[in-house]
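The values are calculated or read from the model by the stated rules, or taken from the named source; none is laboratory data. Given the structure is predicted, the values throughout are model-derived calculations rather than measurements. Cβ placement follows ideal geometry from the backbone for every residue including glycine, while neighbour counts extend to all protein chains displayed. Quick note on the areas: whole protein, heavy atoms, side chains included, nothing else; ligands and nucleic acids left out. Shrake-Rupley method; radii C 1.70, N 1.55, O 1.52, S 1.80 Å.
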Amino acid sequence: MGRYFIFGVIVACFAVSAVGLFWNLWYLAPLLVFGTLGTIGIYDVVQPSHSILRNYPVLGHMRFLFEGIRPEIRQYLIESDQDEEPFSRDDRSIVYQRAKGVEDKRPFGTRENVYAAGYAWVTHSIQPVHITKSDFRVTIGGKDCKQPYSASLYNISAMSFGALSGNAISALNKGAKAGGFAHDTGEGGISRYHREGGGDIIYEIGSGYYGCRAADGTFDADRFVEQAKDPQVKMIEVKISQGAKPGHGGMLPASKISPEIAQARGVPMGFDCVSPALHSAFSTPVEMMEFIGHLRGLSGGKPTGFKLCIGHRREFMCIVKAMLKTGIVPDFIVVDGKEGGTGAAPLEFANHVGMPLVEGLSFVHNTLRGAGLRDQIKIGAAGKLITSFDIARVLSLGADWVNSARGFMFAIGCIQAQACHTNRCPVGVATQDALRQRALVVPDKAERVARFHKNTMKALSEMTGAAGLSDPNDFLPHHFLMREKQGGMISGAQANPYLPIGFLLKEGKDFDGYRARWNRADFASFAPSD
Ligand SMILES: Cc1cc2nc3c(=O)[nH]c(=O)nc-3n(C[C@H](O)[C@H](O)[C@H](O)COP(=O)(O)O)c2cc1C
């Protein structure tokens with residue numbers, strides 16, 4: 001409650017000054033000062049827009065003061081503290097501006113170092129195309145899917161109720177409803193906040209089987225059917241891993257488990273909620289495909305797929321071989337980059353376990369092409385994708401749509417305080433503290449979610465037209481150029497080429513060790529064969 005201390009002192013001083021005024025007119029000065037500050041404090045607590053002020057009345061204005069003078073005082077600070085933050089100030093401010101619907105143009109030109117290694121740009125056309133629409137969509141659902149889903153190209157990535165507050169989930173889902181895009185539940189199950197929002201849901205099934213869990217923690221088909229048959233549920237996603245902590249389970253401490261979380265997850269109160277590192281419903285590639293086929297059947301034929309961050313590339317090839325062996329093909333695969341986010345992860349995992357998105361996505365895309373399955377499976381991508389350039393680039397690498405988690409967290413007021421794991425989020429996004437989450441005003445933030453999505457898609461439409469294309473899914477690797485270490489220029493088509501369709505199914509030239517790895521992959525086991 002310390003954050004209300006200053007405001008409390010101001011109110012007390014105001015009261016003392018008011019009483020003191022009966023004795024001495026001198027108290028008028030402090031009365032006016034503390035009266036003004038008190039009024040500001042009351043306004044801060046009730047105004048809907050600035051979450052930080054609702055949680056830090058009066059005090060929170062210091063943040064805006066420093067933000068305001070930051071450029072001037074920055075040179076006196078340690079050179080560029082931006083490196084210490086997952087998202088740069090520029091990236092975050094573009095989200096805030098698009099969420100607020102204020103001017104998002106940049107004056108004076110780029111701040112990017114265009115001669116730095118890794119700098120990338122999209123090639124524009126002398127004959128740009130004027131595109132009027134920006135509601136770009138992709139239909140997800142293969143041969144065994146009975147209820148294909150028309151998804152937006154940009155959706156809210158998995159973040160569970162528990163990692164995020166009820167108000168955050170509510171604002172995200174209502175925003176998705178208003179904007180006509182989807183909201184992935186994350187592995188924490190479907191909560192009342194998802195249901196109240198009415199927005200399209202992607203129901204994620206993690207190793208904890210929350211919402212479809214038997215008393216012993218294993219998968220419960222009857223409970224799953226109860227959840228999956230809800231018309232609000234559009235797709236089913238099995239979580240194999242997320243980029244920020246692949247191969248590492250999760251745990252929600254008992255202290256953070258409210259009755260609502262327990263209800264959404266189907267777990268008892270008073271116990272830590274552990275998501276094991278691996279699934280109990282399957283242990284081989286073939287069993288994994290059978291589980292996916294089973295879920296699709298139980299859901300009445302809704303698009304069913306899985307999400308992973310690439311680890312041992314051979315293991316992903318085992319899964320693809322199991323698709324060919326069983327004839328069970330998922331409707332989609334979501335590739336999460338190592339650079340993805342999380343509520344909490346060990347440092348080593350957050351920094352050095354799992355494949356970055358560019359490589360992971362290109363590998364999945366090409367393995368499916370090599371196995372002749374690419375046209376049956378849609379690919380989603382996630383991992384620091386918040387601008388239209390980010391989206392266009394991963395679409396060119398082979399993705400069919402894009403998910404963002406932290407982009408939408410910024411839209412609901414996240415200030416990247418990186419306190420998600422402490423339950424003391426200053427803006428009510430990643431906390432179960434009832435008073436702290438009060439800072440997040442759902443109607444105001446839901447509008448921002450929808451507006452951020454709409455303006456990002458508009459920017460994507462403009463970039464697509466500038467490149468002389470009519471649809472963002474027409475972006476191909478050759479539309480992007482990158483600067484290499486030595487300073488030279490390289491095309492996306494050289495760096496991440498599309499490999500020939502079916503090349504893994506017949507003898508022939510190997511590409512970058514794909515065939516050697518494929519030959520070692522086994523549909524019956526994830527264990528290395530040699
Ligand atoms: C607070 C938070 C909670 C998350 N929870 C989940 C989860 O339950 N399941 C999952 O598959 N990914 C989870 N993720 C990962 C995101 O869905 C996403 O894949 C990753 O963060 C990349 O997207 P981003 O860079 O836009 O954040 C979480 C991420 C964040 C930031």
task = Please work out if S362 is surrounded by 19 or more Cβ atoms within 10 Å (Cβ to Cβ) and within 13 Å of the ligand (Cβ to nearest atom).
result = no
ask   = So is G175 in the same structural domain as L324 (by TED's automatic domain parsing), over 19 Å from G266 (Cβ atoms), away from the ligand (no atom under 11 Å from the Cβ) and in contact with an Asp or Glu (Cβ under 8 Å, 6 or more places away or on another chain) or not?
value = yes
key: Test result for L385, of a type in the set (A, V, I, L, M), modelled with pLDDT of 95 or more, within 17 Å of the chain's Cα centre (by Cα) and farther than 20 Å from Q97 by Cβ   = no
note = Scanning the stretch 230-249 residue by residue, those more than 9 Å from the ligand (Cβ to nearest atom) and either open to solvent by less than 10 Å² (accessible area, probe 1.4 Å) or touching a Cys at 6+ places or on another chain (Cβ under 7 Å) (or both) turn out to be V233, M235, I236, V238, P246
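Please work out which residue is surrounded by the most Cβ atoms within 10 Å (Cβ to Cβ), limiting yourself to the stretch 343-354 and to residues that are touching a residue at least 24 places away in the same chain (Cβ under 8 Å) and away from the ligand (no atom under 13 Å from the Cβ). I'd like the intermediate steps shown before the answer.
In the first step, residues of the stretch 343-354 are kept if they are touching a residue at least 24 places away in the same chain (Cβ under 8 Å); the result is 343-346, 349-350, 353-354.
If we keep only those that are away from the ligand (no atom under 13 Å from the Cβ) as well, we get 346, 353.
Details: P346: 11, V353: 19.
Per the stated criteria, the residue is V353.
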request  = Being more than 30 Å from A417 (Cα to Cα) and in contact (Cβ under 8 Å) with a residue 24 or more places away in the chain is the filter here, so list the residues in the stretch 12-66 that pass it.
outcome  = F14
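Could we say that A450 is away from the ligand (no atom under 16 Å from the Cβ) and either under 30 Å from V102 (Cα atoms) or of a type in the set (K, R) (or both) here?
Numbers: away from the ligand (no atom under 16 Å from the Cβ): yes; either under 30 Å from V102 (Cα atoms) or of a type in the set (K, R) (or both): yes.
Yes, satisfied.
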remark   = Taking first residues from the stretch 318-342 that are at pLDDT below 95 and second residues anywhere that are in a strand (DSSP E or B) and open to solvent by less than 40 Å² (accessible area, probe 1.4 Å), the pairs with Cβ under 8 Å that are 6 or more apart or on different chains are G340/A382
ask   = Under the condition of being in contact with a Gly (Cβ under 7 Å, 6 or more places away or on another chain) and open to solvent by 40 Å² or more (accessible area, probe 1.4 Å), which residue from the stretch 402-438 is nearest to I52 (Cα to Cα)?
value = R438
key: F306 within 16 Å of the ligand (Cβ to nearest atom), aromatic (F, W, Y) and in contact with a Gly (Cβ under 7 Å, 6 or more places away or on another chain)   = no
task = Give the number of residues within the stretch 113-154 that are buried (at least 18 other Cβ atoms within 10 Å of the Cβ), among the acidic types (D, E) and closer than 20 Å to A466 by Cα.
result = 0
